[in-house]
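Each reported figure results from applying straightforward, stated rules to the coordinates on display, with no laboratory input. These figures come from a predicted structure and were not determined experimentally. When we count neighbours, we look across all protein chains shown, and the Cβ atoms used for this are built from the backbone with ideal geometry, even at glycine.
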Amino acid sequence: MKTRLLRSPADLNSTEILALYAGLNQPIAALDCGAQCAPQHPLGKPFCCDICHAVPAAHLSEWATLQTRTQLWHSWRGDECAAEPVDRSELEDSLPSGMILLACLGHQACERDYRLLSCRQFPFFPYVTSDYRFIGLSYDWEFEDKCWVISNLAQVTPAYRAQFIATYDQLFALFQDEFESYALRSQEMREVFAEKRRRIPLLHRNGGYALISPHSERARRVAARALPKFGPYLA
Ligand code: SF4
Ligand code: SF4
């Protein structure tokens, strides 16, 4: 029997990581989305850059690349969120192999070129159907009432959408484990939305928008105005 050697993004070298970063560097929207969500945050921070709301996960290859180039990141200690202690074991248990939790110096010290892949993709992840097709971008639903982008999907630029799709097409062609992890995430989203009796919003890889039935997985094409808004962005 032939043994297949599975590589993971953890194996990429620094040149490959920097090329990956260069391929996903477009702003997500024409305006600064952080300026839209920060006024809703009690401390005026963009939610995705607040360690109390999101702990960034990096591939080990990203960490190896960034450690020698910037002081922006350190290995997450678990005490960075002063407001509330974080359950360290819960987060670490959910971390895929080949990844590490990091913390940055905060949004005022952000270095755009040295953002992680997880910063660049937020709030999106590649949505994969149960028959293993990557059909577009859906989002981290736990941030629905915090992230302005989620309530304004029509503001996502075509350039960002194209870069996102090209980046994950490339990663999925190389790394089966990366594809599997997003197939599982998509399945989890179908289960959560089925429970809530909601359809899953999608930026389709072929352009336009869709709402997906979490049961039948039928994608109904919709106009941008049919996409839902949440929390402080309802108006
Ligand atoms: S991606 Fe969402 S949470 Fe992050 S800065 Fe933009 S609007 Fe805020
Ligand atoms: S590196 Fe920048 S984009 Fe990423 S979490 Fe830190 S402040 Fe936010």
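Brief remarks on what is shown
- Our coupling estimate for the range 128-137, obtained by passing each phi through the Karplus curve with A = 6.51, B = -1.76, C = 1.60 and θ = phi - 60°, is 10, 6, 5, 9, 6, 10, 8, 9, x, 10 Hz, Gly and Pro reported as x.
- More than 18 angstrom apart: percent of Cα pairs within the range 124-175: 37
- Cα centroid separation - the range 12-36 against the range 80-156, whole Å: 13
- FRET E, pair Q176, Q71, Förster distance 45 Å, beta-carbon r, rounded to 0.05: 0.85
- Each Lys and Arg Cβ is given +1 and each Asp and Glu Cβ -1; about its Cα centre, the range 9-120 then shows a dipole of about 360 debye.
- Proximal charge balance of G106 [Cβ under 10 Å; K/R count +1, D/E count -1]: -1
- Placing unit charges on the Cβ atoms of the charged side chains and taking the dipole of the chain about its Cα centre, the candidate lying farthest along the positive direction among L202, Y114, Y233 is L202.
- About the centre of its Cα atoms, the chain shows a dipole size close to 1080 debye [charges on the beta carbon of Lys, Arg (+1) and Asp, Glu (-1) only; nearest 20 debye].
- In a fully extended conformation the segment linking S213 and D32 would gain 62.0 nm over its present Cα-Cα distance, using 0.36 nm per residue.
- Applying a 4.7 Å Cβ-Cβ cutoff to the chain leaves C33, C37, C48, C49, C104, C110, C119, C147 as cysteine residues with no disulfide-compatible partner.
- Dividing the convex hull volume of the alpha carbon atoms of the range 176-222 by its residue count gives 74 Å³ per residue.
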